[in-house]
Structures are given as C-alpha cells and as structure tokens.
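Let me begin by presenting the structure, written as structure tokens, before commenting on it.
The values are calculated or read from the model by the stated rules, or taken from the named source; none is laboratory data. Treat the numbers as computed from the prediction; the structure is a model and nothing was measured. Reconstructed Cβ throughout: ideal geometry from the backbone, glycine too, with neighbour counts over all protein chains shown.
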Amino acid sequence: MKINHPILIQGGMGIAVSDWKLARTVSQTGQLGIVSGTAIDSVMVRRLQDGDKGGHIRRALAAFPSQAIAQKILTTYFIEGGRPEGQPYKRQPMFNIVSPVALLQLNVASSFTEVWLAAEGHSGLVGINLLEKIHLPTLSCLYGAMLANVDYVIMGAGIPREIPGVLDLFSENKKAGLKVPVEGAVEGTVTYFDPAVVMEGMELKALKRPYFFPIVSSATLALNLKKKSTGRVDGFIVEGPLAGGHNAPPRGQMQLNERGEPIYGPRDEVSLADMAALGLPFWMAGDYATPEKMQTVRNQGAHGIQVGTLFAFSDESGIDRNLRLDAIKTILTTQPPEGGWIFTDPRSSPTGFPFKATRLPGSISEKDSYLGRKRICDLGYLRHSYQKPDGTVGQRCPAEPVADYLKKGGAEEDTVGRKCLCNALMADIGMPQIQAGGVKELHLLTAGDDLNNIGRLVKKGHGTYSALDVISYLLGPEVAKTKLSPAPEKNSML
C-alpha cells in the first residue's frame, strides 16, 4: 500500500533547536514537523526551573498517563516564578546501563511532553529525532514519544538496526533491550526498558507503531538496514556532508584539507538511482533547500527533502532569540571568513564523528577562550561505555577532565580538541549551566552549508523570517497558509 508521506521533513535538530513550537508550526501545514529527543530530560527540567513560562510543560504533564509520575517531577524540579538570577540549574542523574527508575520516568515524561505539545490541537504529523550514538536514554525516550502517539521516528549518527524491533515491542508494551557498545568487552552489553516496571502500575494500552526512517549516507547502508534490521524500515533520510550537526566520516582514510576539514570525494556521493531501486521512499538532506534542487532530486526518485538549517534560524526555532538574531545580522552584514560561515571540525565531537559549527563571533568554535574552560562532564550524553578491570561497565567522555579520562583507561590523544557539546548546545537554546565561580557555559551553533545563503529568506526591514516563510519558499504560499483541522482524537488514547 502506497503511503502519502509529506514532501518536506523539518530536520530534527538538537538540543531543542527543533522544539515543539517549530515542529507544531510545520506540522500544521501538512508537512512533517520533527522534535529533537536529544537531552530532552535536561531541557524539560530546565524549563521547569525557569518557571515554565506559559505553563506549557505543566499543561502537557497534566495529560501524562501517570499523574503520580508527573507530580513527582513537578515537586522535584518546578520553581514558581523561575530560579533566582545566577543560580545554577539543578541537575538530574546521568544515564547508565541500568539507570534509576526515577530518571527513566523523567525521560519518558519529557519525550511525551515534547511530542504532545507539538501535536496539540491539530491533525498534522509529528516525528521525533534521536542519535544512535546516544544509547542509554534511547529506549525511555522512544516509549515516551509513543505514549504521545508519535507518527515518525528518525534516527542518525550510527546504524540503528535494532530500533524497528524496539518499536514493535513497545507498541505492545513489552520489554525491549538495546545493545550498548562497551570498549574492551568481548561480548555486548544490553540496556533494557520494561514499561510494566518503569511506569509503576499505569494502565498499559496498545500503542501505535510509528514509521521508522533511519538517516543514511549511502545506498549500501540503506540496503543493509532494509535487509538486516530487527523490524520494518519504512523509508530513509539520505544525508550528505553539507548537512549540519554530525556528519558521517568520509569513506576510506580520513584526510583533511588546508583548513583542517575532512575531505569528501566521489565515494561519499549517493546514487539516487540505487536509492530508488530499494523500493522505499527517501528524502535528501544537506543543502537541498531550494525549489530547484528539490525538484531535481524528486525527478530522480526522491520523495522530497529534509530541511534543517533554514528552519533552525527561523522565528519558531528553539535557538536563543538574541543569539539567532545576532547570527543572522552577522551573516547579512559581514564578509564571511575564508571558506564560508561553516567549519566541519573532525575533532570537536566526543562521538568521533565530524561536527559542523558556525564561525560566528562569540561561539566557542571561533575563539580560543574555550581552551581555558574548566573541563567538566555533568550531563554525560556523549559518554562512552568501557569495561573496567573488574569486569563492570563504566562511563567516560573524551571531553571530560583529561586526568579523569586517563584514570578510566582512556588514551590522552582522544581528548585533544574535544568540546563539551552537551553544555554548549544547551547554551544555544538559552539554558547555559552556571558552573563554579559563576561561569556561564558558552554556546556552539551548528548549521549546514545552507547557512551561507540564508539571506534569501530574510524579510526586508525585519532581519528575520518565519518557518512559514521557509515552507512558502520551498512549496508555495498556499501550502504555507494551510491550517489543518483540530484533531482531539490525536491524543485520545490518553
């Protein structure tokens, strides 16, 4: 049966750049709005500590199937009127192979809240994006999204073969496991999520199984996922090296250009004919956001495109407003650095994947002051699992204090050039942690190469543009004006 999927997919940009407000705006036009599930528990607890402006989080938690869990979260993290100026955010525990039940409940509720708010009051489609490299929060995040009736799951930065089977199990509220790579271990380790245990007596009803679109960088990987995944794969996002955030490493030996960026070549180009031959719909991502490019790839078999950067700098984006407006102004009024506004850094991400960063004033990617930042790992999403001498599993991050990393058996060369993306990306959305001595974490904006052309959307005299302007530019003004009918049944199972 042919599925009528949307032509345009809004990129799932973390942390909370693709928040519920952006996703809701896109979904209401009939296209696919995506929320980011990356670090969503940290996002929700900081929103609560900032006073939950507008009451949106509390409204969503009021619809959460377990009010006992919802009230526990509010009691622990909500601050009426917001935390005092200069007060650090209270931190929740970090994830582990076996995480505290309260943390898993928090992550379920956080993911539920983001999807529920994006889907509230309309019949549009909503998806969630996750990173395969971040293993430990994945299961609880997926379950929370499914509780909110999420329509699509998109996953990149790795090879997510196990996720389709997890979605099948969760649709029946069954226990699911996910293999976690453990450095130094002979056999894999598995982290589990059991709804019957975690949800503490909540009535478990059958859940809708969402469509699953892995993000791939080659037709070979797409074929592998289609054949060897644990369940049904419904389509693909084909992401090239010009996309923002994490990029797949070049195929073959890593080589750098004169600016220190990875060199991509013909082996990294994806054959659209080979993708079309797989018989599943696919969307192209990474600098395809013009009507002409979109039509070209559609003529070659693509169903549509995924767009990230243009939405990331729109009015509805989760990026801190002042930071976003300063970035747009700089791009429109300043001569770009040699090579453009984007730098693909092969070293900054603790994942080991190349990571794109904007070269804008004030960003840690553009000034050396980050080298003076006191290393700390207090969020821990990008930590790696390793086997200790006693056989137990520990966690370490190449961006944590070097001495700590070495004590855990890590190699010093792995720490060189690494940045704490967790804290930097929280700063991007206006929630920088205040560390010892009152030091605020610095931001690091990520974007794709399309940032160099953002001026084509900015309204004269405004210095900004909306998500609807992006849709109007790509699909026409009539599509952007679409307002789908209210759909109270969207969350009727709750």
Original post:
Which condition breaks for residue 104 when tested against (1) assigned to a helix (DSSP H, G or I); (2) closer than 17 Å to residue 177 by Cα; (3) within 18 Å of the chain's Cα centre (by Cα)?
Top reply: (3)
**OP:** Test each condition in (1) in a loop (DSSP other than H, G, I, E, B); (2) surrounded by 15 or more Cβ atoms within 10 Å (Cβ to Cβ); (3) modelled with pLDDT under 95 for residue 209 and report the one that comes out false.
**Re:** (3)
Original post:
Among the residues of the stretch 178-207, which ones are closer than 29 Å to residue 397 by Cβ and in contact with an Asp or Glu (Cβ under 8 Å, 6 or more places away or on another chain)?
Top reply: 178, 179
**OP:** Being closer than 20 Å to residue 450 by Cβ, among the small types (Gly, Ala, Ser) and modelled with pLDDT under 90 is the filter here, so list the residues in the stretch 235-286 that pass it.
**Re:** 240, 243, 244, 245, 248, 286
**OP:** Report those helices (runs of 4 or more DSSP H) wholly inside the stretch 365-481 carrying at least 1 residues which are in contact (Cβ under 8 Å) with a residue 40 or more places away in the chain and within 20 Å of the chain's Cα centre (by Cα).
**Re:** 421-428, 467-475
Original post:
What about residue 417, is it surrounded by 13 or more Cβ atoms within 10 Å (Cβ to Cβ), touching a Lys or Arg at 6+ places or on another chain (Cβ under 7 Å) and of a type in the set (Gly, Ala, Ser)?
Top reply: yes
Subject >> Yes/no for residue 98 being part of a loop (DSSP other than H, G, I, E, B) and aliphatic (A, V, I, L, M) >> reply: yes
**OP:** Count, please, the residues in the stretch 163-206 that happen to be in a helix (DSSP H, G or I), small (Gly, Ala, Ser) and in contact with a Lys or Arg (Cβ under 7 Å, 6 or more places away or on another chain).
**Re:** 1
**OP:** Keeping to the stretch 227-250, report how many residues are buried (at least 17 other Cβ atoms within 10 Å of the Cβ) and not in a loop (DSSP other than H, G, I, E, B).
**Re:** 5
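Per-residue answers, yes or no, for (1) at pLDDT 95 or above; (2) under 20 Å from residue 39 (Cα atoms); (3) touching a Gly at 6+ places or on another chain (Cβ under 6 Å); (4) not polar (S, T, N, Q):
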| site | (1), (2), (3), (4) |
| --- | --- |
| 61 | yes, yes, no, yes |
| 74 | yes, yes, no, yes |
| 89 | yes, yes, no, yes |
| 96 | yes, yes, no, no |
| 128 | yes, yes, yes, yes |
| 134 | no, yes, no, yes |
| 154 | yes, yes, yes, yes |
| 162 | yes, no, no, yes |
**OP:** Mind telling me which of the residues 115, 26 ends up being of a type in the set (Val, Ile, Thr), under 25 Å from residue 191 (Cβ atoms) and either at pLDDT 95 or above or under 23 Å from the mean Cα position of the chain (by Cα) (or both)?
**Re:** 115
**OP:** Examine the stretch 310-317 for a residue that is surrounded by 18 or more Cβ atoms within 10 Å (Cβ to Cβ) and under 13 Å from residue 238 (Cα atoms), and state whether such a residue exists.
**Re:** no
